[in-house]
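The structure appears below as structure tokens.
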Number of protein chains: 4
Amino acid sequence: MKIKASVIGGSGYTGAELLRLLLGHPEVEIIAATSERYAGKLFSEINPNLIGITVSSYEKMDLNKIAGSSDLVFTALPHGRSMEVVPQLIEKGCRVIDISGDFRLKNKEAYKDWYRFEHKAADLLQKSVYGLCELNTKDIKKASLVANPGCYPTSVILGLAPAVSRGLVFEQDIVVDSMSGVSGAGRTAAEITHFCSCADNVSSYKVGGVHQHIPEMEYALSDLSEDTVTLSFTPHLLPVSRGIYSTVYADLKNDIALDEAIDTYRSFYKDSFFVEVLREGEYPQLKAVIGTNFCHLGISVDLRCGRLIIISAIDNLVKGAAGQAIQNMNIMNGLDEKTGLDSPALYP
Amino acid sequence: MKIKASVIGGSGYTGAELLRLLLGHPEVEIIAATSERYAGKLFSEINPNLIGITVSSYEKMDLNKIAGSSDLVFTALPHGRSMEVVPQLIEKGCRVIDISGDFRLKNKEAYKDWYRFEHKAADLLQKSVYGLCELNTKDIKKASLVANPGCYPTSVILGLAPAVSRGLVFEQDIVVDSMSGVSGAGRTAAEITHFCSCADNVSSYKVGGVHQHIPEMEYALSDLSEDTVTLSFTPHLLPVSRGIYSTVYADLKNDIALDEAIDTYRSFYKDSFFVEVLREGEYPQLKAVIGTNFCHLGISVDLRCGRLIIISAIDNLVKGAAGQAIQNMNIMNGLDEKTGLDSPALYP
Amino acid sequence: MKIKASVIGGSGYTGAELLRLLLGHPEVEIIAATSERYAGKLFSEINPNLIGITVSSYEKMDLNKIAGSSDLVFTALPHGRSMEVVPQLIEKGCRVIDISGDFRLKNKEAYKDWYRFEHKAADLLQKSVYGLCELNTKDIKKASLVANPGCYPTSVILGLAPAVSRGLVFEQDIVVDSMSGVSGAGRTAAEITHFCSCADNVSSYKVGGVHQHIPEMEYALSDLSEDTVTLSFTPHLLPVSRGIYSTVYADLKNDIALDEAIDTYRSFYKDSFFVEVLREGEYPQLKAVIGTNFCHLGISVDLRCGRLIIISAIDNLVKGAAGQAIQNMNIMNGLDEKTGLDSPALYP
Amino acid sequence: MKIKASVIGGSGYTGAELLRLLLGHPEVEIIAATSERYAGKLFSEINPNLIGITVSSYEKMDLNKIAGSSDLVFTALPHGRSMEVVPQLIEKGCRVIDISGDFRLKNKEAYKDWYRFEHKAADLLQKSVYGLCELNTKDIKKASLVANPGCYPTSVILGLAPAVSRGLVFEQDIVVDSMSGVSGAGRTAAEITHFCSCADNVSSYKVGGVHQHIPEMEYALSDLSEDTVTLSFTPHLLPVSRGIYSTVYADLKNDIALDEAIDTYRSFYKDSFFVEVLREGEYPQLKAVIGTNFCHLGISVDLRCGRLIIISAIDNLVKGAAGQAIQNMNIMNGLDEKTGLDSPALYP
């Protein structure tokens, strides 16, 4: 019997990506997708890629109806909105995969510091499982609420997990330089996402340690390592629609040969279908993961400076959002984690 | 039992696209893919989208071996090279889907005029079936040699077929303005395909009725209509990797209401899964067909000028090449034509 | 003594482009630039290309002050807004170059049909001079109100003027296929101009003879020819920030050799610095005119179909808006028309 | 009297950019531009942006002729080729601005280590002046051979000079993450610069401390600071034609307030027209410097991690090559450094 799944917030970029992937998932029946703005409109009117694929329409959000008919609900709402909806769904017995940041941090104070809001469902913070699939499979299996990781954190945590858990690098001198495609800024029209503002351009934002994804990265990595992890993180905006490309610099505790570093990474991810550790001298191409749930990792050692350099590429809307959400759903339902998620990228 | 398929010329853009699609096709086993330049290399070294998807490698071309082990061979060679290989494959009993232009025209003289070469396998011209799936299903079913249509012709013929076959427009006053993504120029590095030559740019080439796709369009459309079709065709190069976007102008024999024109088109394509006739006032978005085998058609009537305007969008590497080739394979093998071809595009 | 010039509507894309060009113009002093939205802000806060170039700021619109201190005012307001401002400026004795569509058509009824508004300053329609510099130099010299041409019309009229004025083509069977960069849609954020809506995409709009630039083209061309000109016009949206690229198809009255056609065009434009007729076999590259006031024309003859094909490329914000406005200013002030306008494009 | 200048290697991207800028320079007469590949062709056949701007042609390289007729020669040849030509020009009495890497390092051994060649004109290494204009004005004034800085080094050295010369940061724990437009890879067609390889993509190369620009950066910065500078440097390839965007991370010796850091930078560059230190909270937009000789610097302090973060944007072909070369020429000839270099970028 198929999983009965619904999407709340189905017309943003993440919601639309969930629909694209769920429509092709062999074990899922989509019960409903809600959109405040587009209720009554066909999915395909808003997302022309779905023309010929489905004739379903968006609905207004009716939590009772959705909870009553769905096994599992994806909430793809803006930060601060999810915490108003998720508790009701949990209470009504639904399992929930929340793609906002609202349930990723364990500490309600951190929401004040980094998200600038007072958390309204703080009791769920301890209950929620951080859904970075490659690291938390066991907990995800039995979770009723999964906090789906952020896009930047997914790329960075996958890039650093082997190094910090194996104690290769100093935990407190890490630099993360990341770039994101424009879809990361969401679907809402704004001057900053105007084609003419982004094309042929690169810009930076939230520079200097203020991005709300920093605590998420530091908490998840500290869990894996002996010491607390702190890192500098600078996000850049790229002239591409999709993708996260992170270059991570960490000081080595001891010299390590490149092939040994690569072996450590390969060994760490030997059971992870979606993480590919590239060969010596090869580095990720962003394009090679677009539209897919893969994370490509390239490893280098700068012997002159005693640094490990890790380059990590994902699709922000797939492994960084909707794809990992479905991977979480697969794990929660005892399916092979790659079910419905194994299509390659386009190249060229 | 799965279809045993091979690809000759597997490392060009079309060959690589065949591999991408065949690797996900549930009824196909890939026997071999050849590449003169990359024999011995992994598919995924040349096509980074296949990292984690396959560990197969390119081989040198060995026609005996391929013919002996394959049910069906895709030839994805440059124009003029296919005609040297296809006759041997046919002779050895393989069914062949040729993606070059070498078997699309019926008249060997036309090859001198339009392709500037002397045809070396002219006896196969009458035997080959023009593989525009929506128009020639019956013949394709029993074909041993299918000439897979060109990218521009696919977009234009699908756009005009209902109008010329229903006698809506004058056959000899048709204007076709087409744009292509850069992958249409092939994988070989050249100054004209340098990123800096194409980005932020549009250019035109083979203007004035000299492009070799013109006879292909005219012959296929003349077959459908009462009178001989002649058309002006101008190709443009767009700053995108993939896609064909054609705008077609044809003088109406009689006034027609827009909804009636749209109905005519819908009725013509009522059994064609891959052709979508958009609603009144909607026109194709190139992005909505990229990576897919769909053709989106938008219809308009310019009453002031008495013209029917048809806008047609496809992916040049899928419906315009590898995807239609697989659609042909499906038809030849009695499969549902959409097997392995039903993934939607990305959006955004 | 320098020309004292002001810009009303200085923060839209056209207004900003006026500022860029006027700041580098050796014979101009900028008196004021207004912006409702950004009054009080530095030009360079809104337009980061002006950082280090100027420390001037936008002001609120004060027509008395502007008229009292300026010799010449550029109005770069949306259609329908200019007609509320221009009469006052004219009355106060300013010369005005209006970049909206409000004074381009001679017939107030046409505004109802094509722009869907009732004209509020219809008495100025006869007084305004259509500012296509290459065709109307004499009238522009003595004009007090110049209606600066639209971007599409500039590209199309320059492309067709020699052919229709020399009687080479039939006036009533012309097809115009045009593409525009996204800046043509203006600076205001909208879903249609979101980076992710435009990147890797092409779309069409106002298909079927409904774009408001059609009467502007037809009127200007009819003035040059023996018979009334009618044309089909289809605009497309390209994934580039700037540029108009028009391909024009017209049926030849008599056969003409290509070199003769090119000579006719060269002779027509022999005194026009900004119009370049390319050599036989060469066609415009959009990139080669970006940021410049040039129009590149490529000419071809399709002998099979008896058609003249003209390809015309301009920058929509320069020759299609701000640059031509400054060219008009130069002419009105007895300056060399290319003053301040002679920088080449970037390539690559 | 105008400066008589020639360009050796005038058809690569840097050579073509020199021509674009020199053609608009009021104090320069171009004597000759050489191209092995395109001798006899018009500049404008190879660079369509020069259509209508010049009718000059490329010549074969004749050093005697060029040295005899030119005051100053720009050599824009590949690394390793300049050192074969420059000594002859110097000997014949020309002043030379060399845009390759051949005269940037002082130590001939470094060429073996980083460029993998044996230097053939090592005696000139001590004589050449490193032409980073903002730092070496005095020496440049009297130089006969200027080694024009590399594109990455220009962005990085300008970004770090105030911090290292004022002793704000530790010299040996610096991380530099840079991105370049594709024109940095040169004009020659290669698979890596194919439009379809670069579009929608980001990649990395020479990761791990092996790029030949590293010693150039370290030497120039060590000259400014008390201790030797060492840095990790990772270059990325962006899907844009032009631009360098560098994000630099350096550990602060002492805490510093952001406004104080910005003041230090502004004070350092108070006489530098081309370096703009942005305001608090503002960071460079790559687009805002494209086509210009400007360097935009954004400054941030990450107090949590005790790091200074500097973001630096230039156009690789202008401030990173041809523009700085002309700035050097201006300084060598006693002209205002911004002569012929003061045009703003396009925006949008």
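The values are calculated or read from the model by the stated rules, or taken from the named source; none is laboratory data. Since we're looking at a predicted model, the values are computed, not measured. Glycine gets a Cβ as well: all are built from the backbone with ideal geometry, and neighbour counts include every protein chain shown. The area values use the complete protein model at the heavy-atom level, side chains included, leaving out ligands, DNA and RNA. Shrake-Rupley method; radii C 1.70, N 1.55, O 1.52, S 1.80 Å.
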Test: residue in region D:160-169 that is closer than 23 Å to B:His194 by Cβ and either more than 7 Å from every other protein chain (Cβ to nearest Cβ) or small (Gly, Ala, Ser) (or both): no
Would you confirm, using the coordinates I've provided, whether D:Leu77 is more than 14 Å from chain C (Cβ to nearest Cβ), more than 30 Å from B:Asn201 (Cβ to Cβ), crowded, with 20+ Cβ neighbours inside 10 Å and hydrophobic (A, V, I, L, M, F, W, C)? no
Kindly indicate the residue of region D:7-34 that is under 16 Å from C:Pro344 (Cα atoms) and in a loop (DSSP other than H, G, I, E, B) and also nearest to the other protein chains (Cβ to nearest Cβ) among those meeting that condition. D:Gly24
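Let's see how each residue does on (1) facing another protein chain (nearest Cβ under 10 Å); (2) over 20 Å from C:Ile290 (Cβ atoms); (3) in contact with a Leu (Cβ under 9 Å, 6 or more places away or on another chain):
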site	(1), (2), (3)
D:Ile256	no, yes, yes
D:Lys270	no, yes, no
D:Leu278	yes, yes, yes
D:Leu297	no, yes, yes
Helices (runs of 4 or more DSSP H) lying entirely in region D:38-117 (those with 2 or more residues that are acidic (Asp, Glu)): D:82-91
For region B:118-137 the number of residues that are among the acidic types (Asp, Glu) and assigned to a loop (DSSP other than H, G, I, E, B) is 1
Just the residues that are within 9 Å of chain B (Cβ to nearest Cβ), open to solvent by 10 Å² or more (accessible area, probe 1.4 Å) and within 19 Å of C:Gly320 (Cα to Cα), please, taken from region C:170-184. none
Number of the exception - B:Ala121 against (1) open to solvent by 30 Å² or more (accessible area, probe 1.4 Å); (2) over 20 Å from the mean Cα position of the chain (by Cα): (1)
Those residues of region C:185-202 that are within 14 Å of chain B (Cβ to nearest Cβ) and either within 15 Å of the chain's Cα centre (by Cα) or in a helix (DSSP H, G or I) (or both) come to a total of 7
In the set D:Tyr265, D:Tyr283, D:Tyr205, which member is more than 14 Å from chain A (Cβ to nearest Cβ) and farther than 13 Å from D:Val156 by Cβ? D:Tyr265
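Residue by residue, here is whether (1) on the phi > 0 side of the Ramachandran plot; (2) out of contact with any Ser or Thr (no Cβ under 8 Å at 6 or more places or on another chain); (3) not aliphatic (A, V, I, L, M) holds:
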site: A:Arg307; (1), (2), (3): no, no, yes
site: A:Ser312; (1), (2), (3): no, no, yes
site: A:Val318; (1), (2), (3): no, no, no
site: A:Ala322; (1), (2), (3): no, no, no
site: A:Gln327; (1), (2), (3): no, yes, yes
site: A:Asn333; (1), (2), (3): no, yes, yes
site: A:Asp336; (1), (2), (3): no, yes, yes
site: A:Gly340; (1), (2), (3): yes, yes, yes
site: A:Ala345; (1), (2), (3): no, no, no
Given the options A:Val156, A:Val229, A:Val175, A:Val146, name the one that is in a loop (DSSP other than H, G, I, E, B) and either of a type outside the set (Asp, Glu) or more than 22 Å from A:Gly9 (Cα to Cα) (or both). A:Val229
In region A:191-211, the residues that are open to solvent by 20 Å² or more (accessible area, probe 1.4 Å) and either of a type outside the set (D, E, K, R) or within 19 Å of A:Thr247 (Cα to Cα) (or both): A:Ile192, A:Ser203, A:Tyr205, A:Lys206, A:Val210
Do we find a residue being over 27 Å from B:Arg307 (Cα atoms), more than 10 Å from chain B (Cβ to nearest Cβ), buried (at least 20 other Cβ atoms within 10 Å of the Cβ) and touching a helix residue (DSSP H, G or I) at 6+ places or on another chain (Cβ under 7 Å) anywhere in region C:212-227? no
Identity of the residue in region B:299-319, out of contact with any Gly (no Cβ under 7 Å at 6 or more places or on another chain) and of a type in the set (Lys, Arg), that ends up nearest to the other protein chains (Cβ to nearest Cβ): B:Arg307
From A:Gly52, A:Gly101, A:Gly68, which residue is within 25 Å of the chain's Cα centre (by Cα), farther than 21 Å from A:Asn330 by Cβ and small (Gly, Ala, Ser)? A:Gly101
Suppose the filter is surrounded by fewer than 23 Cβ atoms within 10 Å (Cβ to Cβ) and β-branched (Val, Ile, Thr); does C:Ile140 pass it? yes
Selection within region D:18-63 - within 19 Å of C:Val289 (Cα to Cα), buried (at least 21 other Cβ atoms within 10 Å of the Cβ) and in contact (Cβ under 8 Å) with a residue 12 or more places away in the chain: D:Leu18, D:Leu19, D:Arg20, D:Leu21, D:Leu22, D:Phe43, D:Ile46, D:Asn47, D:Asn49, D:Leu50, D:Ile53
In region C:85-102, the residues that are out of contact with any helix residue (DSSP H, G or I) (no Cβ under 6 Å at 6 or more places or on another chain) and buried (at least 22 other Cβ atoms within 10 Å of the Cβ): C:Val85, C:Val86, C:Gly101
